[in-house]
Amino acid sequence: MQNRQQIQRLTTQALLIVIIVLQDLIPMIGNLPLGPLSITTLPITVGVVAVVWGPREGMVVGGVWGLLTWVRAFVYPSSPLAPLIFTNPLISFVPRLLIGLVAGWVFIGLKKVVSPSLAACFAGLMGSVTNTVLVLGGIYLFANTPAVASAYHATTSNLATALLAVVTTNGLVEMLVTALVVPAIALPVMHALKRINK
């Protein structure tokens, strides 16, 4: 019985890793352009995993995304800005890893006091906030160079203002979308798994 559960867990992990890799590599799946904004959908996947399977699984999937972001910055950049920013693992890897940890623990803590759907909503929101704040904060702290600043149409002295503008536009939309979509996916998956495991 224990071997069966271990095999099931490893199979689930492998499938989730494949999903996150496909999301990151296939255009229009991991990043959805909406006018001037580009919405990253990968925090949704990490948030769903963290809510359904827990913070450890969320960290595994988020860590794979972070590792992929870091490797791609060297060999297959997703944008001209990626090699300037995401070659630093504190910007590419750590925030993605922590999405799963934060979302998983927020769900575990809140589901004791609020409904599962509200707990999943806040878990998704906090996972997205973690990613946005740590990536943009990392850019300001570790990649505040003239080349990076000019990509944000700013100078090194006012890069913080430009990054704050990203938070209030792109970041807010990503947070809202993640907060709404995580419970919409995670709760039906949890119910389906409960039925299967009966």
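The values are calculated or read from the model by the stated rules, or taken from the named source; none is laboratory data. These numbers were taken from a predicted model, which means no experiment stands behind them. Methodologically, a virtual Cβ is constructed for each residue, glycine included, from the backbone with ideal geometry; neighbour enumeration extends over all protein chains shown.
Checking Ala160, Ala143, Ala151 one by one, the residue that is under 20 Å from Leu90 (Cβ atoms), among the small types (Gly, Ala, Ser), in contact with a helix residue (DSSP H, G or I) (Cβ under 8 Å, 6 or more places away or on another chain) and free of Cβ contacts under 8 Å to residues at least 40 places away in the same chain is Ala160 and no other. Scanning the stretch 144-172 for residues that are surrounded by fewer than 16 Cβ atoms within 10 Å (Cβ to Cβ) and closer than 13 Å to Leu125 by Cβ gives a single hit, Leu172.
Taking Ala165 as the residue in question, decide whether it is at pLDDT below 95 and either in contact with a Phe, Trp or Tyr (Cβ under 9 Å, 6 or more places away or on another chain) or not in a helix (DSSP H, G or I) (or both). Judged against the criteria, Ala165 is a match.
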